[in-house]
Protein chains: 4
Amino acid sequence: MATVAFIGLGNMGGPMAANLIKAGITVTVFDLNPQAVAALTDQGALSAKTACGAAASADYVITMLPAGKHVQSIYIGDDNNKGLLDVVGKDTLLIDCSTIDAQTAQIVGAKAAENGIEFMDAPVSGGTAGAAAGTLTFICGGSDVAYAKAQTVLTVMGANIFHAGQVGAGQIAKICNNMLLSVLMVGTSESLQLGIDNGLDPKVLSDIMKVSSGGNWTLEKYNPCPNVMDNVPSSKGYQGGFMVDLMVKDLGLSQQAALASNSSTPMGALARSLYVNHARQGHGRLDFSSIFEQFANQNKK
Amino acid sequence: MATVAFIGLGNMGGPMAANLIKAGITVTVFDLNPQAVAALTDQGALSAKTACGAAASADYVITMLPAGKHVQSIYIGDDNNKGLLDVVGKDTLLIDCSTIDAQTAQIVGAKAAENGIEFMDAPVSGGTAGAAAGTLTFICGGSDVAYAKAQTVLTVMGANIFHAGQVGAGQIAKICNNMLLSVLMVGTSESLQLGIDNGLDPKVLSDIMKVSSGGNWTLEKYNPCPNVMDNVPSSKGYQGGFMVDLMVKDLGLSQQAALASNSSTPMGALARSLYVNHARQGHGRLDFSSIFEQFANQNKK
Amino acid sequence: MATVAFIGLGNMGGPMAANLIKAGITVTVFDLNPQAVAALTDQGALSAKTACGAAASADYVITMLPAGKHVQSIYIGDDNNKGLLDVVGKDTLLIDCSTIDAQTAQIVGAKAAENGIEFMDAPVSGGTAGAAAGTLTFICGGSDVAYAKAQTVLTVMGANIFHAGQVGAGQIAKICNNMLLSVLMVGTSESLQLGIDNGLDPKVLSDIMKVSSGGNWTLEKYNPCPNVMDNVPSSKGYQGGFMVDLMVKDLGLSQQAALASNSSTPMGALARSLYVNHARQGHGRLDFSSIFEQFANQNKK
Amino acid sequence: MATVAFIGLGNMGGPMAANLIKAGITVTVFDLNPQAVAALTDQGALSAKTACGAAASADYVITMLPAGKHVQSIYIGDDNNKGLLDVVGKDTLLIDCSTIDAQTAQIVGAKAAENGIEFMDAPVSGGTAGAAAGTLTFICGGSDVAYAKAQTVLTVMGANIFHAGQVGAGQIAKICNNMLLSVLMVGTSESLQLGIDNGLDPKVLSDIMKVSSGGNWTLEKYNPCPNVMDNVPSSKGYQGGFMVDLMVKDLGLSQQAALASNSSTPMGALARSLYVNHARQGHGRLDFSSIFEQFANQNKK
């Protein structure tokens, strides 16, 4: 049976590690927050005093961290601390599930390759609900060998697993998708409001566009206009779901990639500006479908 | 059996009228172009010397004209000419299938109502292929009575028939949809190119986004990146399909509606600017998915 | 001495007419609002019961009205009422100072020309302060003859008088200018905020950009960042000045022109979207430099 | 008399160093390109085999390099090479005139401060013509002491010298200015074209807007419409001036800063997208006012 070191036990990492434990896998966890560690050891995890200690003898190392700098520091280390790359065996598969910039993923991947170790970026989507239910989507960047070997653990935590390309490709594919999602959300919001302003019922308009050439994921699953769909954030005061602040983060990563490759993304850049304005007006912790409110006429309320 | 007067026998109107004839309906046609008339009389249509002549005793009048001014002029008339509203009976149902501004539709509808005549706007989508195959989508604006009565003829020409609301609502719903479509097309194009610029295979990226939260009609049916899908304009030199010039027209109508209702549509307005630039660079007769070329790196070719 | 009929005595028209009176010109006024009329007759104006009555024997007719439909109706009349064009003499010069769409100006101008009467559009800028002080800017569209003859009255009310071209050109030039102004205001606001967010003093940054290639009218006269300049709306809670709602109106006119000429104005269209959002959030009566607040970080307050 | 080490002798650095020599200052130069070095030694410069060799005993070190990575590497060094900070004396003033990201400037500045050495960022504007004429603009970031001491050399090379704030502030102020410049250029271009499309003479419209609230640097000095002004790139086939590729670089730096500070710059981001598209269509080496061509109607040519 595979052994896994799981590093980073936050809102996403915690339930992901728990699912591995439930599947009978031996999981050694590490997090700076002792309460997060205790929650997992209560469920049967082993714990280690350091990330390197957790990783030393594992078949798989899985990391789930907030940003690129954390990922780089934990894998490569610094002047004072060893990195995971210094301690793991050649047969260990390293899987970083954080959503970070592709460049950092490639730096870590190149360093791993120098040491003869397989590294894969595998950012997720599906949110905390998907993490708990084991229905996450993983978008992977790495070799065919790494991708094949990763199935053992990823299938326990997720329902959809894609292979986007070499190391870094998982991150790129994820931010391309999320940039497009932001464009769908803004475009759908302004289209619905244009209809409303001209006397249309948003439910009727949504039904028409959903099965026409305007059809898109937000109309299917996540209508931003209040009371068109049940059980979506827009019908619950824009609570829950995927926060504006997180969309701002992902749009920042997409713009960082666009700068690096000298690409033009006018819609994605505009969506970022609108989301930043929205966050700066105090709505950062609302669901990202609340961008609809930027178009609604507050004067009429 | 119903009798229909069909006025406007262009690329769309011609095959629509032909389908009515094939269904055994008595169709009297009118067009300023004698060749267009001859093509229909060859298929069994009657013809009239004037629009009013065609319409006088018909159960249904169907118009398919280029722009709002033509619609207003033919229905209401002017100093020198009678309009259709002056000659048709109270039981005639007037159906305008042109894509025009909602305001003109409402002006004509109000004038018809004054005369006690039912008028409905029913703009179509589906292109010339859909017109020929009888699989058009109709988006209707009018009373419940008009909508019910229209089924007799619309079901012969179309596969999907929606009721968007009162007179003018068909036009609004159509332009909301087409504005959203333009946003999907531009957003998908720039997302795919961002992926390509960062080393991803556009087929792989399309497959991932199609089933993720970036999923939308263009990824399903009309991928703008050459050679990702077969039998779409992008894989045939952007020939055929829905012309850039027509998208510019529809985006103009959406912006006209946004001005009238004081609505904000930043994505739709940006899409219009990009499409106008594209048309002005000489690409007006290419398919609208050719906007992808605005993002591709021509220097690398 | 010239005689003037002045029609439309609102916030702008009132003080403009008063300046003509002060210059010794015989002014006959008309407005639907009796209080506005009384304010002028108190200053020495004659009054008439109808616009046509005021205009019948005047050398100059000056109109200052809210929108194109009022201008068209008062000059051309309708089924029930005569228009000014029906009553004025061939030697009368008609000057419309309203800010309206160029198309309406051209329709009225063409109708006037049919009757052998000179018509000129001469929209103003300079606000109520400029109207009171007689320092308005007039941007004129009309023949050389009309332009020359208009000097007699325009120089009394204004300090800068431009000849933009034929009838309608005054409106076009004004909306081109005001569209550009909105772009300067938004661009300057976001540039200053970007500096502030990165630790710069907005006064220092403004001083540098003002004399560099970023220099523009807003940095010279109308800095949008509070407390950089004295005596501008941004330093007085964005009170006074040129209202957001009026900028939205002018940006609507510029987009209407762009639709009519099939032009692409991505920055102007984006500025309109941002200003509409701002107005819809309840800020329509603030000065238009308050768009700065869309970029400031409200969370930090 | 002051001694200067000048490192980086490209199109800008070469003539800047030459002006120092002409002023009687002892200048020791370094560049990887021997021809660039020879051109300066012919004019009286000393040369050194390494950057550190040139800098070791200088009162001032001036660097003019392409990008942040070069600046960081030459000042801080790496595993194999010493950096300038390792060899210069405590009294040496380090002045980096490159246009780079503020973050790198701050990293180098902090490292210099650790070593007790003054560092200042002083990016320039004015182009190669300004470099040759000694009329550059310097926008400085550094301490008051550094700023005062720098006058000795900066006044020889430039005509306008600004103090934007602490280390990094020079870079921020420059990119804020250049981002705003790009917005002025695009906004002016689309406004002029809107006027042209509606029948206005661009010279007349430019004259009106220049002295109205649309007034800005591009109308004063650098009109983008061909044949409105003499001796500007737009009247010379968009040759010379400031290349599109360099504007793309500066807009990239502004967006990098906006990402770092979580700022929203919708106009600047849109300008970047339009400039990237323009460059990708093969116009990267034209003057940046050629963005006007994106709005002109190529079909009418």
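Listed conditions (1) away from chain D (no Cβ under 11 Å); (2) part of a helix (DSSP H, G or I) are all met by residue C:238, apart from (2). Every test in (1) more than 19 Å from residue D:4 (Cα to Cα); (2) more than 7 Å from chain C (Cβ to nearest Cβ); (3) not in a helix (DSSP H, G or I) is passed by residue D:185 save one, and that test is (3).
Within segment B:216-235, restricting attention to residues that are assigned to a helix (DSSP H, G or I) and touching a residue at least 24 places away in the same chain (Cβ under 8 Å), the residue that is nearest to the other protein chains (Cβ to nearest Cβ) is B:217. Report, ordered by the first and then the second residue, all pairs with beta carbons closer than 9 Å, sequence separation of six or more or different chains, a first member in segment C:41-65 that is touching a residue at least 60 places away in the same chain (Cβ under 8 Å), and a second member that is of a type in the set (Phe, Trp, Tyr). Close Cβ pairs satisfying both conditions: C:60/C:6; C:62/C:6.
In the set (1) in contact with a Lys or Arg (Cβ under 9 Å, 6 or more places away or on another chain); (2) part of a helix (DSSP H, G or I); (3) facing chain A (nearest Cβ under 8 Å), residue D:276 fails one condition alone, (1). Of all residues assigned to segment A:168-178, at least one qualifies as being within 21 Å of residue A:88 (Cβ to Cβ), touching a residue at least 60 places away in the same chain (Cβ under 8 Å) and within 13 Å of chain B (Cβ to nearest Cβ).
If the condition is being without any contact (Cβ under 8 Å) to a residue 60 or more places away in the chain and either surrounded by fewer than 22 Cβ atoms within 10 Å (Cβ to Cβ) or polar (S, T, N, Q) (or both), then segment C:86-111 contributes C:86, C:87, C:89, C:90, C:91, C:92, C:104, C:107, C:110, C:111. Restricting the search to segment B:279-294, which residues are within 11 Å of another protein chain (Cβ to nearest Cβ) and either out of contact with any Leu (no Cβ under 8 Å at 6 or more places or on another chain) or small (Gly, Ala, Ser) (or both)? Listed by number, the residues that qualify are B:279, B:280, B:281, B:282, B:283, B:284, B:285, B:293.
Residue D:230 - would you say it is in the same structural domain as residue D:281 (by TED's automatic domain parsing) and within 18 Å of the chain's Cα centre (by Cα)? The answer is no for residue D:230. Can you tell me which residue is modelled with the lowest pLDDT among those in segment A:241-273 that are of a type in the set (A, V, I, L, M, F, W, C) and not in a helix (DSSP H, G or I)? Among those that are of a type in the set (A, V, I, L, M, F, W, C) and not in a helix (DSSP H, G or I), it is A:242. Residues that are surrounded by fewer than 18 Cβ atoms within 10 Å (Cβ to Cβ) and touching a strand residue (DSSP E or B) at 6+ places or on another chain (Cβ under 6 Å) within segment A:19-47 comprise A:26, A:41, A:46, A:47, listed in sequence order. Checking each residue of segment D:155-176 against the condition of being among the hydroxyl-bearing types (Ser, Thr, Tyr), modelled with pLDDT of 95 or more and in the same structural domain as residue D:291 (by TED's automatic domain parsing) gives no match. I need the full set of residues from segment B:155-167 which are β-branched (Val, Ile, Thr) and free of Cβ contacts under 8 Å to residues at least 60 places away in the same chain, in order please. Residues satisfying the conditions are B:155, B:161. Say we look at segment C:241-272 and pick out the residues that are among the charged types (D, E, K, R) and crowded, with 22+ Cβ neighbours inside 10 Å; which of these is farthest from the other protein chains (Cβ to nearest Cβ)? Per the criteria, the residue is C:250.
For residue B:118, are the conditions met, namely being farther than 23 Å from residue A:202 by Cβ, touching a residue at least 24 places away in the same chain (Cβ under 8 Å) and of a type in the set (D, E, K, R)? So residue B:118 passes the test. Filtered by the rule that a residue be surrounded by fewer than 20 Cβ atoms within 10 Å (Cβ to Cβ) and either acidic (Asp, Glu) or in contact (Cβ under 8 Å) with a residue 40 or more places away in the chain (or both), segment D:1-18 gives D:2, D:3, D:10, D:11.
Please specify each residue of segment C:62-103 satisfying the condition of being part of a helix (DSSP H, G or I) and touching a strand residue (DSSP E or B) at 6+ places or on another chain (Cβ under 9 Å). Across segment C:62-103, the qualifying residues are C:70, C:71, C:74, C:75, C:84, C:85, C:102. Scan segment B:189-215 residue by residue and report those that are within 7 Å of chain A (Cβ to nearest Cβ), within 12 Å of residue A:257 (Cα to Cα) and assigned to a helix (DSSP H, G or I). Scanning segment B:189-215 gives B:191, B:193, B:194, B:195, B:197. Whether any residue in segment D:205-212 is among the charged types (D, E, K, R), at pLDDT 95 or above and not assigned by TED's automatic domain parsing to the domain that holds residue D:271 is what I want to check. No: segment D:205-212 contains no residue that is among the charged types (D, E, K, R), at pLDDT 95 or above and not assigned by TED's automatic domain parsing to the domain that holds residue D:271. When residue D:217 is tested against (1) in contact with a Gly (Cβ under 6 Å, 6 or more places away or on another chain); (2) on the phi > 0 side of the Ramachandran plot, only condition (2) is not met.
Only a single criterion out of (1) buried (at least 23 other Cβ atoms within 10 Å of the Cβ); (2) touching a strand residue (DSSP E or B) at 6+ places or on another chain (Cβ under 9 Å) is not satisfied by residue D:232, namely (1).
Close Cβ contacts (under 9 Å, 6 or more residues apart or on different chains) running from residues in segment B:128-146 that are assigned to a strand (DSSP E or B) to residues that are at pLDDT 95 or above and of a type in the set (Asp, Glu) comprise B:139/B:121; B:140/B:121; B:141/B:121. Considering only residues that are more than 17 Å from residue B:209 (Cα to Cα), within 14 Å of another protein chain (Cβ to nearest Cβ) and either among the acidic types (Asp, Glu) or surrounded by fewer than 18 Cβ atoms within 10 Å (Cβ to Cβ) (or both), which ones fall in segment A:136-165? Answer for segment A:136-165, where residues must be more than 17 Å from residue B:209 (Cα to Cα), within 14 Å of another protein chain (Cβ to nearest Cβ) and either among the acidic types (Asp, Glu) or surrounded by fewer than 18 Cβ atoms within 10 Å (Cβ to Cβ) (or both): just A:144.
The values are calculated or read from the model by the stated rules, or taken from the named source; none is laboratory data. This one's a predicted model, so the numbers in the text were calculated from it and none came from an experiment. Positions of Cβ are backbone-derived with ideal geometry, glycine not excepted, and every protein chain shown enters the neighbour counts.
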